[in-house]
């Protein structure tokens, strides 16, 4: 019977009473009361020296405070916290160790105590631990293996207009490549942002997004949108998270929470001033803010541009000689055996290739990407 808070003293008295009866050995009593022999001998010795009072709990008071912070260092820590009000103890300590290495800075726990004493840390509300996230569809082993993109929730600027921030980050280094406030989340506006980033940083191997527009189209073949078709033509593989599983893009979602706290509250007066805030946040996030997953160094210390440069022009698809090649009309249809067959509106003006893999069964490709199956006998395409 383990000793809990409410029955502690009565258990200890019973233990001592039975020990004095000499009917049980110390080992038997400790097993019966669910305590260690070391604890049993401790309470027996205290009772012998102090009587019943010796069985009461004793408050442990530290004789010294080895983690006290000097007034000078405390002032420096508080100044840095004022400069970066959203940073926690570990980030503050990492920044100081990197920029002021000659000083011996206290542990993160000691810095946390200092911030609490000055009312700079808000207690976190308790909440249930979420279920373990499902693994992402792709893993980034090196910079530019995978970029992530999303629209952070829209909000109203001071002038009443809506702002839709489009964000793009590198999955390996967490480098925030772009954060552009748009008037609307359209494919044309997003494409202009991606083209600028491709010219500046090169091309990634894959692009991880959710299933929303303009990244994907719900009723399109393979959920392809005009934007994702363009990515494929550039040699970028579109990768969609599973519907309702935002944690599969969790690194990007976590960045959004930081962006929201530091760059949109309160919102700026107009789009120009808000974009200035986004750029200021991006510089701070990339160059100054230590990232725990990177060993408390900023993303700029890890990221490097891609070696795959943005091409000056796109080359037409080349398919093997045994493929049936068709041009998708502006209606989204192709001609097949003299009949019109609808494929996808997103593929208009694109050349697709069909490879027969069994009698009447075809694989449909956009470049090197398998996008569908075609059952010739039923005249149906399955994405």
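The values are calculated or read from the model by the stated rules, or taken from the named source; none is laboratory data. Given the structure is predicted, the values throughout are model-derived calculations rather than measurements. Cβ sites come from the backbone with ideal geometry, for glycine too, and all protein chains shown count toward neighbours.
Among what's in segment 229-245 and is in contact (Cβ under 8 Å) with a residue 60 or more places away in the chain and part of a helix (DSSP H, G or I), pick the residue that is surrounded by the fewest Cβ atoms within 10 Å (Cβ to Cβ).
Result: 233.
Taking the conditions exactly as written (assigned to a loop (DSSP other than H, G, I, E, B) and at pLDDT 90 or above), does residue 213 satisfy them or not?
It is true that residue 213 is assigned to a loop (DSSP other than H, G, I, E, B) and at pLDDT 90 or above.
What about residue 280, is it farther than 25 Å from residue 199 by Cα and either in contact with a helix residue (DSSP H, G or I) (Cβ under 8 Å, 6 or more places away or on another chain) or touching a residue at least 12 places away in the same chain (Cβ under 8 Å) (or both)?
Considered against the rule, which asks whether it is farther than 25 Å from residue 199 by Cα and either in contact with a helix residue (DSSP H, G or I) (Cβ under 8 Å, 6 or more places away or on another chain) or touching a residue at least 12 places away in the same chain (Cβ under 8 Å) (or both), residue 280 comes out as no.
How many residues does segment 37-77 hold that are surrounded by 11 or more Cβ atoms within 10 Å (Cβ to Cβ) and either over 30 Å from residue 100 (Cβ atoms) or modelled with pLDDT of 80 or more (or both)?
Adding up the residues that qualify gives 21.
How about segment 86-107: which of its residues are assigned to a loop (DSSP other than H, G, I, E, B) and under 21 Å from the mean Cα position of the chain (by Cα)?
Result: 86, 87, 88.
Yes/no per residue for (1) touching a strand residue (DSSP E or B) at 6+ places or on another chain (Cβ under 8 Å); (2) farther than 25 Å from residue 218 by Cβ:
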residue: 265; (1), (2): no, yes
residue: 277; (1), (2): no, yes
residue: 295; (1), (2): no, yes
residue: 315; (1), (2): no, yes
residue: 348; (1), (2): no, no
residue: 351; (1), (2): yes, no
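Before we move on, is residue 30 free of Cβ contacts under 8 Å to residues at least 40 places away in the same chain and on the phi > 0 side of the Ramachandran plot?
Spelling it out, it is not the case that residue 30 is free of Cβ contacts under 8 Å to residues at least 40 places away in the same chain and on the phi > 0 side of the Ramachandran plot.
Among the residues of segment 289-306, is any assigned to a loop (DSSP other than H, G, I, E, B), in the same structural domain as residue 256 (by TED's automatic domain parsing), more than 19 Å from residue 178 (Cβ to Cβ) and without any contact (Cβ under 8 Å) to a residue 24 or more places away in the chain?
yes
Name every residue in segment 277-323 that is closer than 30 Å to residue 370 by Cβ, modelled with pLDDT under 90 and surrounded by 16 or more Cβ atoms within 10 Å (Cβ to Cβ), in order of residue number.
The answer is 317, and nothing else.
If you scan segment 156-175, which residues turn out to be over 22 Å from residue 289 (Cβ atoms), in contact (Cβ under 8 Å) with a residue 40 or more places away in the chain and not in a loop (DSSP other than H, G, I, E, B)?
Narrowing segment 156-175 to residues over 22 Å from residue 289 (Cβ atoms): 156-164.
With in contact (Cβ under 8 Å) with a residue 40 or more places away in the chain added as a condition, the list becomes 156-159, 161, 163.
Once the filter is applied, which keeps residues that are over 22 Å from residue 289 (Cβ atoms), in contact (Cβ under 8 Å) with a residue 40 or more places away in the chain and not in a loop (DSSP other than H, G, I, E, B), segment 156-175 yields 156, 163.
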